[in-house]
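Input: a single structure, listed below in structure tokens.
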Amino acid sequence: MDVVSEQEWAAAAAEFREREKAATRERDALAAARRRLPAVEVDPAHRFVGPGGRELTLADLFDGRPQLIVYHHMLGPADDDPCAGCCLFTDNVGHLDHLNARGVTFALSSRAPIDEIEAFRARMGWDVPWYSDPGGFRDAMGVRGFQLDVFLREGERVLRTYSTTGRGVEALGSTWTFLDLVPFGRQETWEDTPAGRPRSEPYVWWRRHGEYAAT
């Protein structure tokens with residue numbers, strides 16, 4: 001690595017920062033285009049099993065919110081070597097209060113039985129909602145390994161609006177990266193968003209986790 005004077009370092013950093021700003025603008029443009037993608041209808045009755053053996057549908061997974069992100073974790077039945085990549089991804093998921101405040105529910109889904117899921121979740125120290133998929137939901141979504149899917153609920157209809165896998169998942173985890181995937185986006189006034197979607201000024205909706213309900 002070259003070592004230079006303070007002035008040379010500042011000049012190189014300023015030049016590089018322009019490239020970073022251009023990349024940020026391009027990511028914003030991609031998010032705007034993503035919000036305008038067409039959607040495909042999905043059967044809301046897809047079956048899942050939650051903690052305690054509770055039977056749920058895909059519609060139930062929204063937990064009363066209009067948007068849902070599902071990460072298909074590769075944990076399988078009697079899995080003695082859970083996918084390290086899926087676990088690394090889950091380790092990086094931020095506090096869900098902030099997504100929930102923007103009408104987004106996040107959940108994991110796996111083929112493993114719910115008792116095995118719960119035991120592994122406790123071992124890993126995760127509190128992310130995680131459901132067993134005994135009915136082949138991952139197959140219906142075309143999952144080959146791991147995958148992340150985004151859904152929108154409109155009344156009784158459930159729509160799939162976006163899907164990604166491979167390196168498309170690597171950069172995700174923060175609240176902002178997830179909000180840029182969902183149909184309503186960050187819901188801030190500066191965004192290029194289709195008309196009629198909820199919007200508010202930036203900053204004003206931000207809270208410390210645990211404080212949203214109070215406001």
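The values are calculated or read from the model by the stated rules, or taken from the named source; none is laboratory data. Quick caveat, the model's predicted, so the values are computed rather than measured. As a convention, Cβ positions derive from the backbone with ideal geometry for all residues, glycine included, and neighbour counts pool all protein chains shown.
Looking for something assigned to a loop (DSSP other than H, G, I, E, B) and in contact (Cβ under 8 Å) with a residue 60 or more places away in the chain - is there at least one such residue anywhere in the range 15-27?
No, the range 15-27 contains no residue that is assigned to a loop (DSSP other than H, G, I, E, B) and in contact (Cβ under 8 Å) with a residue 60 or more places away in the chain.
Pairs, please: C-beta under 7 Å, at least 6 apart or cross-chain, first residue free of Cβ contacts under 8 Å to residues at least 40 places away in the same chain and in the range 149-178, second surrounded by 13 or more Cβ atoms within 10 Å (Cβ to Cβ) and acidic (D, E)?
Final answer for the pair search is S163/D149.
A32 fails exactly one of the following numbered conditions: (1) part of a helix (DSSP H, G or I); (2) aliphatic (A, V, I, L, M); (3) free of Cβ contacts under 8 Å to residues at least 60 places away in the same chain; (4) closer than 29 Å to G155 by Cα. What is the number of that condition?
(3)
For the range 67-89, which positions are within 20 Å of V150 (Cα to Cα), part of a loop (DSSP other than H, G, I, E, B) and touching a Lys or Arg at 6+ places or on another chain (Cβ under 7 Å)?
Within the range 67-89, none qualify.
Are any residues in the range 90-134 assigned to a loop (DSSP other than H, G, I, E, B), buried (at least 21 other Cβ atoms within 10 Å of the Cβ) and of a type in the set (S, T, N, Q), and if so, which ones?
Selection gives nothing.
Taking the condition in contact with a helix residue (DSSP H, G or I) (Cβ under 6 Å, 6 or more places away or on another chain) and either modelled with pLDDT under 95 or not basic (K, R) (or both), does P44 pass?
yes
Any residue in the range 135-146 that is in contact (Cβ under 8 Å) with a residue 24 or more places away in the chain sitting within a Cβ distance under 6 Å of a residue that is assigned to a helix (DSSP H, G or I)? List the pairs, counting only those 6 or more apart or interchain.
Going by the 6 Å Cβ cut-off, the qualifying pairs are F146/C86.
Out of the residues in the range 135-151 meeting the condition of being buried (at least 16 other Cβ atoms within 10 Å of the Cβ) and among the charged types (D, E, K, R), tell me which one is nearest to Y203 (Cα to Cα).
D149
G103 - would you say it is over 14 Å from the mean Cα position of the chain (by Cα), modelled with pLDDT of 95 or more, closer than 30 Å to I117 by Cα and not hydroxyl-bearing (S, T, Y)?
When the stated conditions are applied, G103 does not pass them.
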